[in-house]
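Visitor: Provided herewith is a single structure, encoded as structure tokens, for subsequent inquiry.
The values are calculated or read from the model by the stated rules, or taken from the named source; none is laboratory data. Predicted model, so just to flag it, every value in this text is computed and none were measured. Cβ atoms come from the backbone with ideal geometry, glycine included; neighbour counts cover every protein chain shown.
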Amino acid sequence: MSSNVLIIYTGGTIGMQMSDDGYVPVAGFEALLRERLNAGAAMQLPNFEVLEFEHLIDSSNLQPQHWNKIAAELQANWDRYDGFIVLHGTDTMAYSASALSYMMQGLDKPVIFTGSQIPLTELRNDALDNLLTALILAEIIR
């Protein structure tokens, strides 16, 4: 039986795109991810859905209220999914993961934080491997 995993895209390099001002967060991560997955790989993964924050967070702008928003989304969706992946900027990911571990003690499902140093939109990136590994782990850990 395949797991159902919710990917919460909060922002970060993983979903950024090059602009005249450097990398910027852009909407539409789920469509981009599904485009990058080939059919064979997708069939080996757990079922997943992507919840994308309306206002994507750049790590340099992360505030404690963002932790509350992430926690609220996890709580709101807890009964509907077997595991969760939080896509997050790498510069402040450790702070968020630590804060959430205190905010949501006693969890009985995996919550995995991941991101990338190079966006999924780039030809050579770490984004796809990081996300695929997180999806596989979300299924194994449950």
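Visitor: Is it the case that segment 69-76 has a residue that's touching a helix residue (DSSP H, G or I) at 6+ places or on another chain (Cβ under 7 Å) and at pLDDT 95 or above?
Guide: Going through segment 69-76, the residues touching a helix residue (DSSP H, G or I) at 6+ places or on another chain (Cβ under 7 Å) turn out to be 70-71.
Within this subset, residues satisfying the condition of being at pLDDT 95 or above are 70-71.
Yes, the conditions are met somewhere in segment 69-76.
Visitor: While we're on this one: Can you find a residue that is touching an Asp or Glu at 6+ places or on another chain (Cβ under 7 Å) and crowded, with 17+ Cβ neighbours inside 10 Å anywhere in segment 124-132? If you could, list the steps in order and put the result at the bottom.
Guide: Keep residues of segment 124-132 that are touching an Asp or Glu at 6+ places or on another chain (Cβ under 7 Å), which gives none.
No; the residues of segment 124-132 include none that is touching an Asp or Glu at 6+ places or on another chain (Cβ under 7 Å) and crowded, with 17+ Cβ neighbours inside 10 Å.
Visitor: Name every residue in segment 80-121 that is of a type in the set (D, E, K, R) and without any contact (Cβ under 8 Å) to a residue 24 or more places away in the chain, in order of residue number.
Guide: Residue satisfying the conditions is D108 alone.
Visitor: List pairs: first in segment 53-79 and closer than 15 Å to M93 by Cβ, second acidic (D, E), Cβ under 7 Å, 6+ apart or cross-chain?
Guide: Listed pairs, sorted by first residue: S59/D91; S60/D91.
Visitor: Shifting gears a bit: Tally time: how many residues in segment 106-123 are assigned to a loop (DSSP other than H, G, I, E, B) and surrounded by 14 or more Cβ atoms within 10 Å (Cβ to Cβ)?
Guide: Going residue by residue through segment 106-123, those that are assigned to a loop (DSSP other than H, G, I, E, B) are 106-110, 115-123.
Still in the running and surrounded by 14 or more Cβ atoms within 10 Å (Cβ to Cβ): 109-110, 115-116, 118-122.
Total satisfying the criteria: 9.
Visitor: Would a scan of segment 36-45 turn up a residue that is closer than 18 Å to A127 by Cβ, under 13 Å from the mean Cα position of the chain (by Cα) and free of Cβ contacts under 8 Å to residues at least 60 places away in the same chain?
Guide: no
Visitor: I'd like to check something: does segment 59-67 contain any residue that is within 22 Å of L123 (Cβ to Cβ) and not β-branched (V, I, T)? It would help to see each step written out before you state the result.
Guide: Initial filter on segment 59-67 (within 22 Å of L123 (Cβ to Cβ)): none.
Checking segment 59-67: not a single residue is within 22 Å of L123 (Cβ to Cβ) and not β-branched (V, I, T).
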